[in-house]
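**Student:** One structure, as structure tokens, below. Some questions next.
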Amino acid sequence: MASAPRREVLVVGGGIGGLAAALALARRGAWVRVVEQAPAISEVGAGLQITPNGSRVLRALGLSPESVGVRALAVEPRDALTGRPIARFDLRRAGGDYFFVHRADLIDLLRQGAEAAGVPLRTEARVTAITPHGVELDGGEHLSADLVVGADGLHSVVRRHLLGDDRPFFTGQVAWRAIVPVEQGPVARIWMAPGKHVVTYPLKDGRLNVVAVREEAQWAEEGWSHRDSPDALRRAFGDVALNLKAILARVTEVGRWGLFRHPVADRWHDGRTVLLGDAAHPTLPFLAQGANLALEDAWVLAREILRDDLREGLDRYQAERRPRVSDAVGEANANARNYHLKGARRRAAHAGLWTLGFLAPGAFLRRYDWLYRFDVTADG
Ligand SMILES: Cc1cc2nc3c(=O)[nH]c(=O)nc-3n(C[C@H](O)[C@H](O)[C@H](O)COP(=O)(O)OP(=O)(O)OC[C@H]3O[C@@H](n4cnc5c(N)ncnc54)[C@H](O)[C@@H]3O)c2cc1C
């Protein structure tokens, strides 16, 4: 690819954004390595949706999302109380390839790509501090770099170094996540009820990804590894239709986390450290953009910082990315309200969806053209 200034980059975090950034940078000639706190670049998480804007980045990185995902055909809003579909929108009109993927499979695809590009990946390496010339690891070892990329997710050490403590607020919503052995066609179903909803979509090998969200006054911890009992999930959704109950009845293991709103970072870099993905802009799951935005960030960062002056490249990266991710984060916040309507507003919204599905099914997805048809890889 392009001849680039030889820069030493250290990526903190071997998640989706960190591995994609490492691969993108290595392909452009940077000397890049990744440090990950977990004991393995690992098999954690559940389903993710890779929308066309994210698929384009994977392909531009030389990876094929179809090797790990199920190609999505439609999205189907349903009434969770009757179990019946309200409408069906054809995702083949979304403007590109749309997949349902297990996070572990996507991580594996990115890891293999990064390793093939010669990126050293070091596990059990937790960054505890950012220093003037690099980072310090748990245990005291120092690693130096020209640039430290903070791809360290929701509770980012790099973000804290740049911006101090963030003040997220609890949205009053709690989410459960599970995978069950249930066959479902290649469709994302959004089962909506007053004050709660469930999203189900298939993964490879006959698994169904289930995300259930409910409004709750009680605070729940934010994070990906908190467990809950399947019965607590079933009790929370005790009033839903039998076909949805049958899915929840198959849950044997479930994770639970509180949904918090975080501000998009005001400042993404200081010339030596830079934020990417959830570290810069954690987003609620209601637009399925967490992984896709991290992939887009990775591409733009690699393109901009290897051109010329590092600080100018970082400025361009922030200027290009911040408005777009702010729009996506705002849209995800709004969707949370739309899924949980009650009473007359709920009836009116369902009637509106039904009419749209019947009369102008293309119009539903056209609302997302700005998101899905965007090609971050278009100018190199
Ligand atoms: C364990 C886990 C499970 C998840 N499961 C899902 C899921 O099922 N569905 C979904 O939609 N999203 C899930 N996510 C979130 C999703 O991957 C992200 O929202 C999105 O992909 C953005 O990616 P990211 O690279 O910014 O952050 P992440 O993918 O969260 O990656 C951050 C990485 O940084 C590492 N890290 C953090 N702090 C340090 C440190 N101090 N030193 C070294 N390494 C560090 C973490 O271990 C992690 O591997 C999960 C995230 C994690 C970490």
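The values are calculated or read from the model by the stated rules, or taken from the named source; none is laboratory data. Just so we're clear, the structure is a prediction, and the values are computed from it rather than from any experiment. Positions of Cβ are backbone-derived with ideal geometry, glycine not excepted, and every protein chain shown enters the neighbour counts.
**Student:** Restricting attention to the stretch 119-149, which residues are surrounded by fewer than 13 Cβ atoms within 10 Å (Cβ to Cβ) and on the phi > 0 side of the Ramachandran plot?
**Tutor:** Residues satisfying the conditions are Gly139, Gly140.
**Student:** Would you point out the residue of the stretch 69-115, among those that are among the small types (Gly, Ala, Ser) and under 11 Å from Val187 (Cα atoms), that is surrounded by the fewest Cβ atoms within 10 Å (Cβ to Cβ)?
**Tutor:** For the stretch 69-115, the residue satisfying everything is Ala74.
**Student:** While we're looking at this one, here's another question. Sort out which residues of the stretch 128-148 are more than 27 Å from the chain's Cα centre (by Cα) and of a type in the set (Ser, Thr, Tyr), and write them in order of number.
**Tutor:** Thr131, Ser144
**Student:** Hey, another quick one. Tell me which residues, restricted to the stretch 151-165, are touching a residue at least 60 places away in the same chain (Cβ under 8 Å) and either acidic (Asp, Glu) or near the ligand (Cβ under 9 Å from one of its atoms) (or both).
**Tutor:** Matches in the stretch 151-165: Ala151, Asp152, Gly153, Leu154, His155, Ser156, Val157, Val158.
**Student:** Name the residues in the stretch 109-150 that are within 13 Å of the ligand (Cβ to nearest atom), under 19 Å from Leu61 (Cβ atoms) and among the charged types (D, E, K, R), would you?
**Tutor:** Residue satisfying the conditions is Arg111 alone.
**Student:** Of the residues in the stretch 331-369, how many are small (Gly, Ala, Ser), surrounded by 13 or more Cβ atoms within 10 Å (Cβ to Cβ) and modelled with pLDDT of 85 or more?
**Tutor:** From the stretch 331-369, those small (Gly, Ala, Ser) are 332, 334, 336, 343-344, 348-349, 351-352, 357, 360, 362-363; that's our starting set.
Of the ones still in play, those that are also surrounded by 13 or more Cβ atoms within 10 Å (Cβ to Cβ) are 332, 336, 349, 357.
After this cut, where a residue has to be modelled with pLDDT of 85 or more as well, the list is 332, 349.
Residues in the stretch 331-369 being small (Gly, Ala, Ser), surrounded by 13 or more Cβ atoms within 10 Å (Cβ to Cβ) and modelled with pLDDT of 85 or more: 2 in total.
**Student:** Could you tell me which numbered condition Gly313 fails, if it satisfies all but one of (1) touching a Gly at 6+ places or on another chain (Cβ under 7 Å); (2) at pLDDT 95 or above?
**Tutor:** Result: Gly313 passes all but (1).
**Student:** On the basis of being of a type in the set (Val, Ile, Thr), at negative phi and within 16 Å of the ligand (Cβ to nearest atom), does Thr273 make the cut?
**Tutor:** Yes.
**Student:** I'm trying to understand the selection: among the residues of the stretch 252-263, which are crowded, with 19+ Cβ neighbours inside 10 Å and β-branched (Val, Ile, Thr)?
**Tutor:** Once the filter is applied, which keeps residues that are crowded, with 19+ Cβ neighbours inside 10 Å and β-branched (Val, Ile, Thr), the stretch 252-263 yields only Val254.
**Student:** Looking at the structure I just gave you, is Leu295 surrounded by 17 or more Cβ atoms within 10 Å (Cβ to Cβ), touching a residue at least 40 places away in the same chain (Cβ under 8 Å), not charged (D, E, K, R) and not in a loop (DSSP other than H, G, I, E, B)? Please lay out each step first, then the result.
**Tutor:** Details: surrounded by 17 or more Cβ atoms within 10 Å (Cβ to Cβ): yes; touching a residue at least 40 places away in the same chain (Cβ under 8 Å): yes; not charged (D, E, K, R): yes; not in a loop (DSSP other than H, G, I, E, B): yes.
Here the answer is yes, as Leu295 does meet what is asked.
Table: residues versus (1) surrounded by 21 or more Cβ atoms within 10 Å (Cβ to Cβ); (2) modelled with pLDDT under 95; (3) among the hydroxyl-bearing types (Ser, Thr, Tyr); (4) out of contact with any Phe, Trp or Tyr (no Cβ under 6 Å at 6 or more places or on another chain).
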site: Ala151; (1), (2), (3), (4): yes, no, no, yes
site: Leu154; (1), (2), (3), (4): no, yes, no, yes
site: Arg159; (1), (2), (3), (4): yes, no, no, yes
site: Asp166; (1), (2), (3), (4): no, yes, no, yes
site: Arg177; (1), (2), (3), (4): yes, yes, no, yes
site: Trp191; (1), (2), (3), (4): yes, no, no, yes
site: Thr200; (1), (2), (3), (4): yes, no, yes, yes
site: Lys204; (1), (2), (3), (4): no, yes, no, yes
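**Student:** Tell me which of these Glu8 doesn't satisfy, since it passes every other one: (1) charged (D, E, K, R); (2) crowded, with 24+ Cβ neighbours inside 10 Å; (3) closer than 20 Å to Leu306 by Cβ.
**Tutor:** (2)
Conditions (1) in a helix (DSSP H, G or I); (2) farther than 15 Å from Leu208 by Cα; (3) at pLDDT 95 or above, marked per residue:
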| position | (1), (2), (3) |
| --- | --- |
| Asp231 | yes, yes, yes |
| Arg234 | yes, yes, yes |
| Gly238 | no, yes, yes |
| Lys245 | yes, no, yes |
| Val251 | no, no, yes |
| Gly258 | no, yes, no |
| Pro263 | no, yes, no |
